[in-house]
Amino acid sequence: MSRYPIDKIIQILGEGRLPGSSVASVCRKYGITQATYYRWKKKYGGIGADEARRLKVLEEENMRLKRLLAEKELELQVLRDIVKKTFDKGREAQVGSGVT
């Protein structure tokens, strides 16, 4: 998670595009690396603040949905394991009693 809100990131990227401004000086000013600047530029470079906020909301929702899906998959796997164990025990009981 970034320590800068989306609005600030857009502002920082804008400062980096100003004539007479260098990416290195902007990075020093805000205490970020050039790699971070260029990662932000790749992600947010061509969009406005409103679009960037919307993107962030969608990314958060996507993460939440992925987490929910992973939890459901885990629950299903546990249930499958329980059913398999129960089925195997039932089979063992039938074999032990001579029923096939």
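Could you run through the stretch 16-40 and say how many residues are under 27 Å from the mean Cα position of the chain (by Cα) and not in a helix (DSSP H, G or I)?
Final tally of qualifying residues: 3.
How many residues does the stretch 20-40 contain that are of a type in the set (S, T, N, Q) and within 13 Å of I9 (Cβ to Cβ)?
Total meeting the criteria: 1.
Looking for whichever is open to solvent by less than 80 Å² (accessible area, probe 1.4 Å), small (G, A, S) and modelled with pLDDT of 95 or more here; the options are A70, A52. Which one fits?
Being open to solvent by less than 80 Å² (accessible area, probe 1.4 Å), small (G, A, S) and modelled with pLDDT of 95 or more holds for just one of A70, A52, which is A70.
From the set of residues in the stretch 1-33 that are under 24 Å from D50 (Cα atoms) and exposed (fewer than 11 other Cβ atoms within 10 Å of the Cβ), which is modelled with the highest pLDDT?
Here the answer is L18.
The values are calculated or read from the model by the stated rules, or taken from the named source; none is laboratory data. What you see is a predicted model; the values in this text were computed from it and never measured. Glycine also receives a Cβ, built like all others from the backbone with ideal geometry; neighbour counts cover every protein chain displayed. Only protein heavy atoms, including side chains, enter the accessible area calculation; ligands, DNA and RNA are left aside. Shrake-Rupley method; radii C 1.70, N 1.55, O 1.52, S 1.80 Å.
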